[in-house]
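The values are calculated or read from the model by the stated rules, or taken from the named source; none is laboratory data. Since the model is a prediction, treat every value here as computed from it, not as a measurement. Reconstructed Cβ throughout: ideal geometry from the backbone, glycine too, with neighbour counts over all protein chains shown.
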Amino acid sequence: MKKFILAAFICAALPFAAFNYAQAQQNAGGGNVKKVLTVYYSYSGNTAKTAKQIQKYAGGDIFEIKIKHEYPSKYDNLLDQAKKEIADGFKPVLASKPGNTGNYDIVFVGSPVWWGTIAPAVSAFLSEYDLSGKTVVPFCTHGGGGISRTFDDIKKLCPDAKFLQGKGFNRSNASENEISDWIKSLNLN
């Protein structure tokens, strides 16, 4: 008798479950749910914090770009090295690599602003991974100097990608609401 009641309950619940799933798919863009990846490099943790909040609101996977030879811990030494690497077009060797970026439809790309552009680690990543046909959403953190040419340089490294409006965040006051509102404004579905 218990098996009969359980079977009757499951049969009665199936149409309801199918309806909810179909409704959820319809609300998410007609069944075509986009896969999202947030990729970022962070030296001091500011860009990492922002990337994690972006991933919280945009969903999907997250990947931190790491390089084999870390930058100096003394800030003045970092500035000297970064300035030289950017001037030389140097691309550091990546220590880790994400899985197949071809599996994603939307890729958020984040970097601190160094000397008016992306960190060399992000340049190395974008040079190694083809984001053609993807929707790229750039973001950056800065110390008050703005985005400068950061997003233009990302676009140069992804010439065959579609771009959505990027966002620069002042590292000292980027709020979770600001990030959430920006993600909502992108209409990712």
Considering only the stretch 59-82, I want to know if a residue exists there that is under 14 Å from the mean Cα position of the chain (by Cα) and among the hydroxyl-bearing types (Ser, Thr, Tyr). no
If I filter the stretch 32-42 down to residues being within 16 Å of the chain's Cα centre (by Cα) and closer than 21 Å to Ser180 by Cβ, which single residue comes out as surrounded by the fewest Cβ atoms within 10 Å (Cβ to Cβ)? Lys35
Cβ pairs under 7 Å, 6+ apart, first in the stretch 148-159 and touching a residue at least 12 places away in the same chain (Cβ under 8 Å), second part of a loop (DSSP other than H, G, I, E, B): Ser148/Gly116; Arg149/Gly116; Phe151/Gly166; Cys158/Leu131
Could you check the stretch 91-189 for helices (runs of 4 or more DSSP H) lying wholly inside it with 2 or more residues that are over 22 Å from Gln53 (Cβ atoms)? 120-128, 150-157
Can you name the residue in the stretch 119-145 that is surrounded by fewer than 17 Cβ atoms within 10 Å (Cβ to Cβ) and not hydroxyl-bearing (Ser, Thr, Tyr) and, of all such residues, is modelled with the lowest pLDDT? Gly144
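Name the one entry in Gly99, Gly45, Gly116 that is small (Gly, Ala, Ser), over 26 Å from Arg149 (Cα atoms), surrounded by fewer than 16 Cβ atoms within 10 Å (Cβ to Cβ) and assigned by TED's automatic domain parsing to the domain that holds Phe169. Let's see the steps before the verdict.
Working: Gly45 fails: over 26 Å from Arg149 (Cα atoms); Gly116 fails: over 26 Å from Arg149 (Cα atoms).
Selected residue: Gly99, the only one of Gly99, Gly45, Gly116 that is small (Gly, Ala, Ser), over 26 Å from Arg149 (Cα atoms), surrounded by fewer than 16 Cβ atoms within 10 Å (Cβ to Cβ) and assigned by TED's automatic domain parsing to the domain that holds Phe169.
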If I ask for residues that are of a type in the set (Phe, Trp, Tyr) and farther than 24 Å from Ser127 by Cβ, which ones from the stretch 151-175 would you list? Phe169
Looking at Tyr71, Tyr57 in this structure, which one is aromatic (Phe, Trp, Tyr) and either assigned to a helix (DSSP H, G or I) or more than 28 Å from Glu176 (Cβ to Cβ) (or both)? Tyr57
Confirm whether Ser148 is exposed (fewer than 15 other Cβ atoms within 10 Å of the Cβ) and among the polar types (S, T, N, Q). no
